[in-house]
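The structure appears below as structure tokens.
The values are calculated or read from the model by the stated rules, or taken from the named source; none is laboratory data. Just so you know, these numbers come straight off a predicted model, no measurement behind them. Cβ coordinates were reconstructed from backbone atoms using ideal geometry, including for glycine residues, and neighbour counts include every protein chain displayed. Just the protein is used for accessible areas: all its heavy atoms, side chains included, with ligands, DNA and RNA removed. Shrake-Rupley method; radii C 1.70, N 1.55, O 1.52, S 1.80 Å.
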Amino acid sequence: MVLAGEKLFRAKQIHEWLWKKGVGSFDEMNNIGKALQEKLKETFSFQRARIEVEARSSDQTVKFGFRLHDDKMIEGVLIPSGQRVTACVSTQVGCAMHCAFCATGQMGFIRNLHFSEIFDQFILMNQKAQEYYGNPISNIVYMGMGEPLLNYSNVMKSIDLLTSPEGQGLSPQRITLSTAGIIEGIRKLADADFKPGLAVSLHSADPKKRIHLMPVTEHNPLDKLQEVLKYYHQKTGERVTFEYLLLNGINDSQRDAEVLANYCRAFPVKINLIEFNATDSPFQQSEPENVRRFIQFLESRNMVVNLRRSRGKDIAAACGQLVKKQA
Ligand code: SAH
């Protein structure tokens, strides 16, 4: 900032209106004077995302379709659980990863979101969280549409605005970023000054299987991924969190569990097993008996394992179901 002739404290005031109070117009900035409001309107405009569709699940999960200034659509989800409300935000319109099991992957990549578009999802869903559940958003997961580490600077800028005292002041520990395993991005994150939590979507520790499920493996091979995660662990002291989607007959055998356990010997891990949510793909959920055996095997290797119950399935708001026909 700022426009020529304005005092520096005005910049601070405007910053506060934008990123602390999260207003959507210059008229709401009621301490900067009418003249400056008008001057700002001449030069700048708000290009705020707006909620266009809303779908509410029987489990209280709500999916939002946001219309962006260029008519593109993205989705975000609110997931209440006791006092906690988790918001899942998108980082790109579409996604370039083409994971075989994911609906967003089928759309292809359209564009990166600007940091303000990521931030807007938070502001708009935070209002809804208070309205619907009586609690503000407590946790944010960067697990909606897109690959956050391929939109690194906008993602980090949005996290800065969400966590800094001049912004929303949330604790970085309440923010988790999920990646398909972009090695360079993980290295950059390891070296960054402030960090969200990191989760890596692994889904298979067998190179041949993983390349089939997640083509990103071709340029981000499992051995190199392991190396960079070792580095990440050394830098942060944190456990490495892996997400592992259980697909019937594909990656849920005893042998798959063994390959996974061996891969994880490089660092302390936490494994979040995810139920598959139906998409337009031939995959199916694992049989309960196989899920049980898979967990038992990992636990016998002293690994920390959680089975994630899926939320919002009836409204296609669950992981991997976020997709939107673009206008
Ligand atoms: N690109 C990032 C974040 C978005 S995907 C990533 O890959 O991590 C968020 C999570 O949902 C990932 O773990 C992804 O693998 C998982 N997912 C994708 N499709 C799914 C499906 N059909 N059922 C369950 N989880 C799915």
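Given the structure, is R56 open to solvent by 20 Å² or more (accessible area, probe 1.4 Å) and at pLDDT below 90? For R56, the condition - open to solvent by 20 Å² or more (accessible area, probe 1.4 Å) and at pLDDT below 90 - is not met.
I'd like to check something: does the range 15-29 contain any residue that is among the aliphatic types (A, V, I, L, M), part of a helix (DSSP H, G or I) and outside the structural domain of V85 (by TED's automatic domain parsing)? Yes, that holds for at least one residue. The single residue among K209, K157, K224, K195 that is away from the ligand (no atom under 16 Å from the Cβ) and under 20 Å from H98 (Cβ atoms) turns out to be K224. Exactly one residue out of G237, G185 is surrounded by fewer than 16 Cβ atoms within 10 Å (Cβ to Cβ), among the small types (G, A, S) and either farther than 30 Å from Q13 by Cβ or within 16 Å of the ligand (Cβ to nearest atom) (or both): that is G237. Within the range 247-262, the set of residues being open to solvent by 20 Å² or more (accessible area, probe 1.4 Å) and either in a loop (DSSP other than H, G, I, E, B) or touching a residue at least 60 places away in the same chain (Cβ under 8 Å) (or both) comprises N248, G249, I250, S253.
Give me the pairs, please: first residue somewhere in the range 200-218 and acidic (D, E), second residue anywhere and away from the ligand (no atom under 14 Å from the Cβ), beta-carbon distance under 9 Å, and either six or more positions apart or on two chains. Every condition considered, the pairs that remain are D206/L222; D206/R255; D206/D256; D206/V259; D206/L260; D206/Y263; E218/I211. Residues that are assigned to a loop (DSSP other than H, G, I, E, B) and modelled with pLDDT under 95 within the range 268-282 comprise F276, N277, A278, T279, D280, S281, P282, listed in sequence order. For the range 257-282, the tally of residues that are farther than 28 Å from P172 by Cα and either within 16 Å of the ligand (Cβ to nearest atom) or in contact with a Gly (Cβ under 7 Å, 6 or more places away or on another chain) (or both) stands at 8.
From the list Y244, Y232, the one residue that fits, being surrounded by fewer than 22 Cβ atoms within 10 Å (Cβ to Cβ), modelled with pLDDT of 95 or more and among the aromatic types (F, W, Y), is Y232. Residues in the range 133-184 that are more than 19 Å from T236 (Cα to Cα) and part of a loop (DSSP other than H, G, I, E, B): 18 in all. Take the conditions open to solvent by less than 10 Å² (accessible area, probe 1.4 Å) and more than 21 Å from D193 (Cα to Cα) and apply them to M107. Does it pass? So M107 fails the test. Filtered by the rule that a residue be surrounded by fewer than 22 Cβ atoms within 10 Å (Cβ to Cβ) and under 20 Å from Q106 (Cα atoms), the range 201-212 gives K209, I211, H212. Here is the figure for the range 110-131: residues that are open to solvent by 40 Å² or more (accessible area, probe 1.4 Å) and either among the hydroxyl-bearing types (S, T, Y) or assigned to a strand (DSSP E or B) (or both) total 3. Scanning the range 21-37 for residues that are without any contact (Cβ under 8 Å) to a residue 12 or more places away in the chain and open to solvent by 30 Å² or more (accessible area, probe 1.4 Å) yields K21, D27, E28, N30, G33, K34, A35.
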